[in-house]
Amino acid sequence: MYSRGDQIIHPRYGAGTIVGKKKMTYMGKLRNYHIVELVGDRGEVMIPVEVATDMNIRPAIEDLSVIEEVFAMPPLELSDDYRSRQATIQKQIQTREPEAMAMALRDLFWREQTDKLTSVELKMKSSLMKMLSHEIAVICADMTVEQANSHLTEMLYRTVQEPNDAPPEEGTESL
């Protein structure tokens, strides 16, 4: 399914590039492994080829347009009830889909500009920044994770400075 040079997102280890394959014996069974070099000089991981799809590994986004499109939409106004708000954001994070994570980050960032975030929400925001920054760094070969983080932050500030409309209520669709 994946081959050398493919940029992937591992649900636990994050973004990386497949740099090769290796055959190894594990528990008496010969297996093929993808060797994945993680972004940010975080080393390599080996993923058994036969279970790569079962592990919810997905291809990295191809370019920044996915994130830019989400950031261009008006943010959703999150619930005033922190439990409901955190549950909504947690569901978006758990999908590991770039659109949902970008939406959660945009909405948390917007709320932070207009109200306070709880400590749990600050951790969620930090986690989203890290995941998306790593994904940006893997697709933009000339960009470090730190530069990707700065670029993502700039994109968020532009969203706040150039709001399209007032945020719609939570659960409503924005066009």
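The residues of segment 35-48 that are hydrophobic (A, V, I, L, M, F, W, C) and either open to solvent by 50 Å² or more (accessible area, probe 1.4 Å) or assigned to a strand (DSSP E or B) (or both), listed by number, are I35, V36, L38, V45, M46, I47. Being open to solvent by less than 20 Å² (accessible area, probe 1.4 Å), under 14 Å from M131 (Cβ atoms) and assigned to a strand (DSSP E or B) is a condition met by at least one residue of segment 16-33. Sub-6 Å Cβ pairs linking a first residue in segment 5-21 that is farther than 15 Å from V49 by Cα to a second residue that is acidic (D, E), at least 6 apart or interchain, are A15/E135; G16/E37, ordered by first then second residue. Just so you know, in segment 134-162 the residues that are among the small types (G, A, S) and without any contact (Cβ under 8 Å) to a residue 24 or more places away in the chain include one that is surrounded by the most Cβ atoms within 10 Å (Cβ to Cβ), and it is A148. When the test is whether a residue is under 27 Å from L128 (Cα atoms), part of a loop (DSSP other than H, G, I, E, B) and at pLDDT 90 or above, G5 passes it.
Checking each residue in segment 112-133 for being acidic (D, E), part of a helix (DSSP H, G or I) and open to solvent by 50 Å² or more (accessible area, probe 1.4 Å) picks out only E112. Taken as a whole, segment 95-111 holds no residue that is β-branched (V, I, T), part of a loop (DSSP other than H, G, I, E, B), open to solvent by 40 Å² or more (accessible area, probe 1.4 Å) and in contact with a helix residue (DSSP H, G or I) (Cβ under 9 Å, 6 or more places away or on another chain).
The values are calculated or read from the model by the stated rules, or taken from the named source; none is laboratory data. Quantities reported herein were computed from a predicted structural model and do not represent experimental measurements. Cβ coordinates were reconstructed from backbone atoms using ideal geometry, including for glycine residues, and neighbour counts include every protein chain displayed. Just so you know, the surface numbers come from the protein's heavy atoms only, side chains and all, with ligands and any DNA or RNA stripped out. Shrake-Rupley method; radii C 1.70, N 1.55, O 1.52, S 1.80 Å.
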